[in-house]
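For reference, the structure discussed in these notes is given below.
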Amino acid sequence: MANTLSIAPRAEADLMEAFKWYEARSMGLGHEFLRCVEARLNLIARMPQIFRQRGRLHRLARTDRFPYAIYFIWEEQQAHVAVRRVLHFAQDSNQTA
């Protein structure tokens, strides 16, 4: 059974920023980035436990083609996943709060 999934406003802003950056580099690349993120989000919703934990609360899922990490909190009792940030590997992971 899939968990419910919510995306924090800051994570949505992260996605939009990355989309614009990739789209400015090559038409359609931003859309490919979003497809990769969506595929990973679907897997996170189905099986959040397969992703390693980072710190006390957050788990990290890497995207397949792009150098981005999705930071999320899995609330097992509520069957809910809360996506907090979507950061480039070069960005500081301490920004996940």
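The values are calculated or read from the model by the stated rules, or taken from the named source; none is laboratory data. Computed from a predicted model, the values in this text were never measured in an experiment. Methodologically, a virtual Cβ is constructed for each residue, glycine included, from the backbone with ideal geometry; neighbour enumeration extends over all protein chains shown.
Return yes or no: is residue 60 at pLDDT 95 or above, surrounded by 15 or more Cβ atoms within 10 Å (Cβ to Cβ) and more than 17 Å from residue 6 (Cβ to Cβ)?
Numbers: at pLDDT 95 or above: yes; surrounded by 15 or more Cβ atoms within 10 Å (Cβ to Cβ): yes; more than 17 Å from residue 6 (Cβ to Cβ): yes.
Against the criterion (at pLDDT 95 or above, surrounded by 15 or more Cβ atoms within 10 Å (Cβ to Cβ) and more than 17 Å from residue 6 (Cβ to Cβ)), residue 60 qualifies.
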Restricting attention to strands (runs of 3 or more DSSP E) lying wholly within region 1-90, give those where 1 or more residues are among the β-branched types (Val, Ile, Thr).
4-7, 68-75, 80-88
Expected single match for touching a residue at least 12 places away in the same chain (Cβ under 8 Å) and of a type outside the set (Asp, Glu) among 79, 24, 13 is 79
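Of all residues in region 12-56, count the ones that are under 25 Å from residue 78 (Cα atoms) and over 15 Å from the mean Cα position of the chain (by Cα). Talk me through it step by step, then tell me what you get.
So in region 12-56, the residues under 25 Å from residue 78 (Cα atoms) come out as 12, 37-56.
Of the ones still in play, those that are also over 15 Å from the mean Cα position of the chain (by Cα) are 55-56.
Matching residues across region 12-56 total 2.
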Please count how many residues of region 63-95 are surrounded by fewer than 13 Cβ atoms within 10 Å (Cβ to Cβ) and in contact with a strand residue (DSSP E or B) (Cβ under 7 Å, 6 or more places away or on another chain).
3
